[in-house]
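Visitor: One structure, pasted below without further comment.
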Amino acid sequence: MRGLVLDDVAITLDARPLVGPLSLDVAPGEVVTVMGPSGSGKSTLLAYVGGFLAKAFAARGRVLVDDLDVTGMPPEKRAVGILFQDDLLFPHLTVGGNLAFGLRAGVREASRRRAIVEEALAQAGLAGFADRDPATLSGGQRARVALLRTLLAEPRALLLDEPFGKLDAALRQDVRAFVFARARDRGLPTLMVTHDAEDARAAGGRVVEVG
Amino acid sequence: MNSPARRIARSLATGIGVAALVVASAASAQDVPETRDFPQILEEARGQTVYWNAWGGDPATNDFIAWVGEEVEERYGVSLVHVKLSDTAEAVSRVVAEKAAGRDDGGAVDLIWINGPNFLAMKDQGLLYGPFVEALPNFDLVDVEDKPSNVVDFTVPVDGLAAPWRVAQVAYLYDAERVAADTVPASIAELGEWAAANPGRLTHPTARDFLGATFLKQALVELVADPAALQAPAADATYEETVAPVWDWYEALRPHLWRAGAEFPESGPAQNQLLADGETDIAITFNPAEAAAGAIQGRLPETTRVFFLEDGTIGNTSFVAIPYNAANAEGAMVVADFLMSPQAQARAQDPANLGAFTVLDLSALSAEERAAFDVTDAHPAMPAPEEFVRVLPEPHPSWMTRLVEDWERRISG
Amino acid sequence: MTTRPDVLRAAPALTLALFLVPIGAGLLGTLAPAFGVLPAIGESGFTLDAWRTLAEQPGIDASIRLTLTSGLLSTALALVFACGFAALASSRPGIARLERALAPLLATPHVAVAIGLAFLVASSGLLVRVVSPWLTGWERPPALAIVRDPYGLSYVAGLAIKETAFLVLMVLAAQGQVRAAQALAAARALGYAPLVAWAKVVLPAIYRQIRLPVYAVLAFSLSNVEVALVLAPGTPPPLAVLAMRWFSSWDLSLYPVAAAAATLQLAVVVAGIGAWRVAEAFVKRIHRAWCERGRRTGLAGPVLALGGAGGVVSGVAILAAIGVMALWSIAENWRYPDALPRALSLRTWERALPTMSDLVSTTAAIAAAASLLAVILALACLENEARRDLKPGARALWLLYVPLLVPQIAFLFGAQVALVRLDLDGTLTAVIWAHLLFVLPYVFLSLADPFRALDPRYARIAAGLGASPWRTFFTVKLPMLARPVATAFAVGFSVSVALYLPTLFAGAGRIMTLTTEAVTLSSGADRRVVGVTAFLQAALPLLVYAAALAGPGLIAARRRRVTLREGTP
């Protein structure tokens, strides 16, 4: 089946069970929310799915993306995009440079790349921002650029690690809508970790409690 | 400093023991006279890079060597690299090590500025190339009659194994502004009296330094009962007795020296700096033109003058020698020949450059060449010809070696 | 899977081998002959002859005494200066602003500072000249033994002044790690005076962090040759200088004696560090009792304030030392008691230029090569650590400090044996390698913190975008770390420029740098030429520092304009 599948995933720290065992199917376009108190290991779960679990943890279980078992793969081969609480735009690149970094290498021609980047910016209401320094953007704008960067890499699944935690209330709604709409449009199976019930409600999908 | 390591390493690498070297040194290696003619040497020298190992503590000498480098490059296509030593022994030990390791050609040292105990050591151990000086055309211009030190170094016959390039004679620098010309000492004894009357105003370089050892040797040649004894190697049986007057004199002098004789400048230039700074008033030099050279080059006050001791002062000649295993012996010979050329000698004698007296017999030169030497007399700090005193021969090197050991013990003990 | 990650995996081992092997081989090569194991001369039996001869050398006991007292005293002084400065800076913003001057002070080579200081304080030096004869009545330089005094006090002062800058930097870095500001605020809220609060709550925390750098300073002070040649007394000199004298003699019988002296030097450093540790334990007990007594003010205040003043004076002294040598380089006729030269000219520079341009290019080439290699190795180790999720251990830190703790003279002689066998002595390769030993620890220490502090999520984002680890390294991490990388390079560069013994030994005298030249000339040659050399020696690392500070900003600005075109990996 298409989508993101977690098959009997369990994570332990010092032989102490932290997460799971957990099995979960996330369908294309669906947003599944993982909730739990701090320290419950919900971000650790995302790290496992993304492929950068710290050595201190032990884990078992498979992760499948569109039927492909990515469990043993390095993160860059998994085609799993991730967004964190901070936008983490590369400070040494322009807005356009950040997006071009994300844009898959298959598009070779420089003018074509530029066009795609500008198109993406325009669709997000950020037309003309390509040559701006990320530091000059507002929080909401930065969050959008971060998502655009992720989407330009054409991931097959999306991980959201408390993605709206640092935005103020008004902005949060706005960005949330933007992110979920894009994920659905693209049919991305999305796994979100949050401790904000409002996020889960807005996502409108299933909620899994851990911890 | 590095050479003993090299020596050991070479021995390790080849399995040739250093002990074997010590034994071998008794039986001097065969001298191999240079048989090629000079044009052929010039031909083979072209394109060579000569590593000239020479004491690097004096900028005026360093500049002169740099000038020589430019000239031989331009004239003969020979590159010259000045390996600046803080002690000539470093170069000697490098060659010793190479011999121990069996590196009989392709050695790292091509040319050494050398005389005294270092020359004797190399000659004795068969570490020198040649005889080669007869093959150098400019050697014909060298004064071997009136300047015997050009062919006999510290009582040791040079035997053509080293080329002379500058003449040295002990003199003393003083600042005429602070010391009246008619009060300067005229003998070793008077020097002691002067120091007692002017405490802290006299010092000498540490005896580990060549010039510092000469300060002691000058006392030796003047105070010793029979100067002729110094022409033979120092013998254990008579050494203590012979040098006793020197140490009597020195121990009386020492408390009156700068820093009460507890600390000494590391070199001649360091001693001269003290004179320039006004910390001391009298300084020994191996170069009677040093006052003029120092004044012209701005190292010494304009009022610096020189005096000699009336019974004569020690004189010697600086040589360049080529190690037996030099990688670039032809280039080294070309440099040695150029050093004896009228152009190089005139430049060296000009106090604006070096102020080193020539080894040449000026009467052997053309009038034009001779004219280039004239400028030296012009400077007021140059001693007049009649002021020069008799040149006393250097004692056998063993005297210097032992005096320095004694001094070291006395100072530290 | 490419093979490149395996190259990276080997980085730590390669790095350690690069500097532990020569040090180990060197120590062995020094130890063996000291105990009569000298296969080269057919002696392989254990003997203490060399030690007996060493013990009989005139002045050897005085030399050991001088070495130990000057090393311990100068390190203690530098530590008090550095702590005083940091304590003052944490309560007075005016002092804190002076921290900016640290980098240039740190970059100035020891020899240049020592030469300048020697002229400043000599009895015919600048300080005496400024007040003579109008105030002192000294028409002639007074008969005071200031420079190279028999007790080594000028030597102690010279070392303390130069090392203070390094320790200040270490203290400030440690303060950042131990949340000193909060602790300080808490103590002051309890009614403690600022400096007393610093001594009671910040000092113990930071001392744990700076212990290794303090030992490195101690080891250097106990075993350096270059500062000793300029400022320490010569009859007898510190032990390292004695060992150098015997090593450079062509009299073969002195070789085992020199090796014994170098071994003794190692023992002296071990003993010095041991004595320091004993003192540490002692001070710790007093400190605890003092803290528990609860007095809100105390002697610590004035002591730290005085130390801080010493720190500021040290900085001023370094600048003055370089300034006065720069002035000498253009001086004509500068005689006692003139406080300024009577005339200025550029003729010394004109005369020295051909020699100096060679020296500058050799010095810069060696420093650039060693620093570049060190930066690459340090980055490789750190990147390997990041990718394999390794935690840096304390043991690794000790290993890193090995070249800074083992006295140079104790392993350089032996290491040279290895170089000769490899036919590498006197080559640039050997000199660069020798420099790498000392450059790498500083480069690594300067790069490790910023590298480890980089938010790992940037790399995860990049991986999520499909970038390989190498692409992430080159296009994300490296550009983001441009400034620390450039700074680390500059730190390495300045360390390399200042190195004396490693250049001398590996270069077999054939490879000359500004530092070897400065030391050769410092024994007394024309002070104006020494001035040119010392000034250039100080200016070269400063230039690189300035470039390191300005460069990354310019490059980043340029990058921003062009990145859009660099879509392909």
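The values are calculated or read from the model by the stated rules, or taken from the named source; none is laboratory data. The shown structure was predicted, so the numbers you read here are calculated from the model rather than taken from an experiment. Ideal geometry is used to build each Cβ from the backbone, glycine not excepted, and the neighbour counts take in all protein chains shown.
Visitor: Please tell me if C:A538 is aliphatic (A, V, I, L, M), more than 14 Å from every other protein chain (Cβ to nearest Cβ) and either under 17 Å from C:P104 (Cα atoms) or assigned to a helix (DSSP H, G or I) (or both).
Guide: yes
Visitor: Also, I was wondering about something else. Going by the conditions given, is C:V360 β-branched (V, I, T) and under 30 Å from C:R92 (Cα atoms)?
Guide: No.
Visitor: Can you find a residue that is of a type in the set (V, I, T) and either within 30 Å of A:A15 (Cβ to Cβ) or within 15 Å of the chain's Cα centre (by Cα) (or both) anywhere in region A:125-147?
Guide: Yes, that holds for at least one residue.
Visitor: Still on this structure, I have one more. Across region B:282-301, what is the number of residues that are modelled with pLDDT under 95 and more than 8 Å from chain C (Cβ to nearest Cβ)?
Guide: 12
Visitor: Being more than 20 Å from C:F81 (Cβ to Cβ) and crowded, with 23+ Cβ neighbours inside 10 Å narrows it down to one of C:R179, C:R148, so name that one.
Guide: Being more than 20 Å from C:F81 (Cβ to Cβ) and crowded, with 23+ Cβ neighbours inside 10 Å holds for just one of C:R179, C:R148, which is C:R148.
Results for (1) assigned to a helix (DSSP H, G or I); (2) more than 27 Å from A:G51 (Cα to Cα); (3) modelled with pLDDT of 90 or more, shown as yes or no for each residue.
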| position | (1), (2), (3) |
| --- | --- |
| C:F473 | yes, no, yes |
| C:K477 | yes, no, yes |
| C:R483 | yes, yes, no |
| C:A486 | yes, yes, yes |
| C:V495 | yes, yes, yes |
| C:P502 | yes, yes, yes |
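Visitor: Looking only at region C:447-458, which residues are assigned to a helix (DSSP H, G or I) and either surrounded by fewer than 24 Cβ atoms within 10 Å (Cβ to Cβ) or within 14 Å of another protein chain (Cβ to nearest Cβ) (or both)?
Guide: Scanning region C:447-458 gives C:A448, C:D449, C:P450, C:F451, C:R452, C:A453, C:P456, C:R457, C:Y458.
Visitor: Looking at (1) buried (at least 24 other Cβ atoms within 10 Å of the Cβ); (2) touching a residue at least 24 places away in the same chain (Cβ under 8 Å); (3) facing another protein chain (nearest Cβ under 9 Å), which one does C:A462 not meet, given that it meets all the others?
Guide: That leaves (2) as the condition not met.
Visitor: Out of all the residues in region A:82-92, is one or more part of a loop (DSSP other than H, G, I, E, B), within 30 Å of A:R201 (Cβ to Cβ), facing chain C (nearest Cβ under 7 Å) and in contact with a Leu (Cβ under 7 Å, 6 or more places away or on another chain)?
Guide: no
Visitor: Within region B:169-180, can one find any residue that is at pLDDT 95 or above, of a type in the set (F, W, Y) and farther than 26 Å from B:H82 by Cα?
Guide: Looking for residues that are at pLDDT 95 or above, of a type in the set (F, W, Y) and farther than 26 Å from B:H82 by Cα, one finds at least one in region B:169-180, hence yes.
Visitor: Of the residues A:A202, A:A181, which is free of Cβ contacts under 8 Å to residues at least 12 places away in the same chain, assigned by TED's automatic domain parsing to the domain that holds A:L24 and under 17 Å from the mean Cα position of the chain (by Cα)?
Guide: Within the list A:A202, A:A181, the selection yields A:A181.
Visitor: Ok, one more. For B:S363, which of the numbered conditions (1) among the small types (G, A, S); (2) free of Cβ contacts under 8 Å to residues at least 60 places away in the same chain; (3) crowded, with 21+ Cβ neighbours inside 10 Å fails to hold?
Guide: (3)
Visitor: Additional query: Before we move on, is A:R149 assigned to a helix (DSSP H, G or I) and within 14 Å of another protein chain (Cβ to nearest Cβ)?
Guide: Yes, satisfied.
Visitor: Also: Would you kindly identify the helices (runs of 4 or more DSSP H) lying entirely within region B:1-89 that contain at least 3 residues that are closer than 30 Å to B:E266 by Cβ, within 11 Å of chain C (Cβ to nearest Cβ) and modelled with pLDDT of 90 or more?
Guide: Result: B:59-76.
Visitor: Tell me yes or no: at least one residue of region C:102-119 is surrounded by fewer than 18 Cβ atoms within 10 Å (Cβ to Cβ), without any contact (Cβ under 8 Å) to a residue 24 or more places away in the chain and in a helix (DSSP H, G or I).
Guide: No, every residue in region C:102-119 fails to be surrounded by fewer than 18 Cβ atoms within 10 Å (Cβ to Cβ), without any contact (Cβ under 8 Å) to a residue 24 or more places away in the chain and in a helix (DSSP H, G or I).
Visitor: Specify the residue that is nearest to the other protein chains (Cβ to nearest Cβ); the eligible residues are those in region C:507-516 that are at pLDDT 90 or above and either on the phi > 0 side of the Ramachandran plot or part of a helix (DSSP H, G or I) (or both).
Guide: Across region C:507-516, the extreme among qualifying residues is C:T516.
Visitor: May I pose another question? Output the number of the condition that C:I41 fails; it satisfies all remaining conditions of (1) more than 29 Å from the chain's Cα centre (by Cα); (2) at pLDDT 85 or above; (3) surrounded by 14 or more Cβ atoms within 10 Å (Cβ to Cβ).
Guide: (2)
Visitor: Could I ask something else about it? Being surrounded by fewer than 21 Cβ atoms within 10 Å (Cβ to Cβ) and within 30 Å of B:A207 (Cα to Cα) narrows it down to one residue among B:V95, B:V83, B:V167, B:V156; which is it?
Guide: B:V156
Visitor: Could you please find all residues in region B:363-403 being touching a Gly at 6+ places or on another chain (Cβ under 9 Å) and hydrophobic (A, V, I, L, M, F, W, C)?
Guide: B:A381, B:M382, B:V389, B:V391, B:L392, B:M400
Visitor: Separate question: Given the criteria surrounded by fewer than 16 Cβ atoms within 10 Å (Cβ to Cβ) and assigned to a helix (DSSP H, G or I), does A:R112 qualify?
Guide: When the stated conditions are applied, A:R112 passes them.
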